[in-house]
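Input: a single structure, listed below in structure tokens.
The values are calculated or read from the model by the stated rules, or taken from the named source; none is laboratory data. Since the model is a prediction, treat every value here as computed from it, not as a measurement. Please note: Cβ atoms are built from the backbone with ideal geometry, for glycine as well, and neighbour counts cover all protein chains shown.
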Amino acid sequence: MKTGALVAGGVAQQTEQCLNNIKAVLESIEHTMQDIVKTTIFVTDLADMEVVNQVCAKFFPGYVPARSFVNASALPMGALVQIDTVVSHGDGTPPQLPEDTALLVIEANNTENAPVQPYSHTVAFSHYNHISGQLPLDPKTGAIVAGGVNDQARQCLSNIKAIIESVDHVMDDTVKINIQLKNIADLDAVNDVYTTFFQGELPARTVIGVAEIPMGALVQIDAVVSNCEGTPPQA
């Protein structure tokens, strides 16, 4: 932060610096790393994911926010990693009184019906629920399902559905979907599956083409879900 130059070292050092920068930003507005509900991590080499996860574990020793990885073809200044976050803001912004929501809790949950990951499946705060990026993995085997992008998209959405239902919500509570595709030409095949998971109006959506997806998958999907009942205040 003093020189404006990339820190020396590899992806571990760069990840640590990203998280230290985020920590400094949060502390400047009287928040902490434990107030983070979702991280999106951009890496130029997916082989670096394990190292990034190891560094993240040092900053989140207990509660772990929802997380999505994105493979970037390049990052500014030749960086190997870039991280952004969504942070709970229980004190609200004026004219809301801080005491009205200062004690709202962050609710993190996991389900055995979705693939195991080293971060939370879902994190709710106030009226939104953040779902970690889902690969087309069979929850029982941890392996990518057989078939093409149609089958993989169905599995991603089935995992998201299982996560959402584990916290007493339904797919139609989804307000935003983010889809990563290895081949953007696969979008029509994904759409054929996608529409079958919703009964009402489709949620807002962003689709991007990426050079690579973890485990050689063809598609990865994450979501933001409405949490209309809100998270309760601490007793």
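In the range 30-47, the residue that is modelled with the lowest pLDDT out of those that are buried (at least 17 other Cβ atoms within 10 Å of the Cβ) and part of a helix (DSSP H, G or I) is Asp35. When we screen Glu50, Glu27, Glu16 for residues that are out of contact with any Lys or Arg (no Cβ under 7 Å at 6 or more places or on another chain), in a helix (DSSP H, G or I) and farther than 26 Å from Ile213 by Cβ, the only hit is Glu27.
Scanning the range 105-120 for residues that are part of a loop (DSSP other than H, G, I, E, B) and either in contact with a His (Cβ under 7 Å, 6 or more places away or on another chain) or surrounded by fewer than 17 Cβ atoms within 10 Å (Cβ to Cβ) (or both) yields Val105, Asn110, Thr111, Glu112, Asn113, Ala114, Val116, Pro118. If you go through the range 175-214 and keep only what is among the acidic types (Asp, Glu) and under 23 Å from Gly147 (Cα atoms), you end up with Asp186, Asp188, Asp192, Glu212. For the range 66-81, filtered to residues that are surrounded by fewer than 22 Cβ atoms within 10 Å (Cβ to Cβ) and within 14 Å of the chain's Cα centre (by Cα), the residue that is nearest to Thr122 (Cα to Cα) is Ser68.
Condition check ((1) within 22 Å of Arg67 (Cβ to Cβ); (2) assigned to a helix (DSSP H, G or I)) across all residues:
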position	(1), (2)
Gln152	yes, yes
Ile164	yes, yes
Asp168	no, no
Lys176	yes, no
Leu202	no, no
Val207	yes, no
Ala223	yes, no
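Scanning the range 134-164 for residues that are surrounded by fewer than 24 Cβ atoms within 10 Å (Cβ to Cβ) and among the small types (Gly, Ala, Ser) yields Gly142, Ala143, Ala146, Gly147, Gly148, Ser158, Ala162. Check whether at least one residue in the range 39-56 is aromatic (Phe, Trp, Tyr) and in contact with a Ser or Thr (Cβ under 9 Å, 6 or more places away or on another chain), and report yes or no. Checked against the condition, which is being aromatic (Phe, Trp, Tyr) and in contact with a Ser or Thr (Cβ under 9 Å, 6 or more places away or on another chain), the range 39-56 yields no hits at all.
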